[in-house]
Amino acid sequence: MGTYLSMRRRYINECWKYARKNWVVAVVDFAVTAYGVMSSIVEHTDPRSLPSISFSLPRLSLPWVIVVLLASIIFILVEGGSRLRSAEVESLRSQTKTRAEIERQIKLLTRHIEQGQQLIQRCRTENELVPNSDAEGWAAETEQLIKAIFDGTYIARFRSGVGVPMGGAYWPNLKNRDVDGFCIVRVYRLQGFVDELRTKLVVDYSK
């Protein structure tokens with residue numbers, strides 16, 4: 001019961017916060033507050049000190065106070081609840097858009113991984129020399145993509161071979177070893193970047 005009441009209270013508070021964005025609520029809130037302040041001042045002020053005031057502020061009867069209070073609560077729940085739901089829908093749309101963007105980035109990076117793997121495959125299966133320009137062109141295009149998705153620090157990581165397991169390989173043409181190693185480092189880093197994005201999807205957008 002206590003949990004339910006606590007949830008209802010938080011909901012009403014949220015509704016009130018959003019309902020106050022409506023100018024009607026803001027005006028009524030100000031008017032009621034001003035009326036209350038003026039009533040209190042007049043009630044506790046000696047009439048002899050206010051000779052210029054020839055009228056008295058009307059006092060609301062208890063039934064009317066209850067009616068106004070109930071009407072205010074209903075309005076807050078309806079108006080604030082509507083705005084709250086709109087805000088939640090907009091947040092969900094934004095979250096969906098962001099998730100779709102990350103998924104698109106993963107696809108683009110994966111495509112470049114596959115291109116790098118194709119270069120590695122060529123180095124390990126072809127007798128002909130794999131031109132350095134093929135690997136450098138692939139790496140340059142990939143770096144442009146990395147800059148668009150991440151920041152400059154990822155370029156340095158993309159180029160760094162520190163900690164990258166090279167393993168053993170056979171090259172029909174030994175001159176392809178350099179291109180092979182060049183591509184292995186960068187494909188390995190790209191796979192790490194893709195893993196980071198996938199982790200972000202799971203952590204931030206799994207709900």
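Each reported figure results from applying straightforward, stated rules to the coordinates on display, with no laboratory input. For clarity, every value in this text was computed on a predicted model and none was experimentally measured. Virtual Cβ from ideal backbone geometry, glycine too; neighbours counted across all protein chains shown.
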How big is the charge dipole of segment 102-205 about its Cα centre, in debye rounded to the nearest 20, if each Lys and Arg gets +1 on its Cβ and each Asp and Glu gets -1 on its Cβ? 140
Run the simple label-point estimate for R157 and Q144 please: 7 Å along Cα→C-beta, distance reported in nm. 2.3
Kirkwood-Stokes translational diffusion coefficient of segment 102-205, alpha-carbon pairs, 10 °C, 1.306 mPa s, µm²/s: 111
Hits in segment 124-140: amide N under 19 Å from the 7 Å Cα→Cβ extension of V164, namely 124-125, 130-140
Positive-pole candidate from V202, L119, F158, dipole of segment 102-205, charges at beta carbon: V202
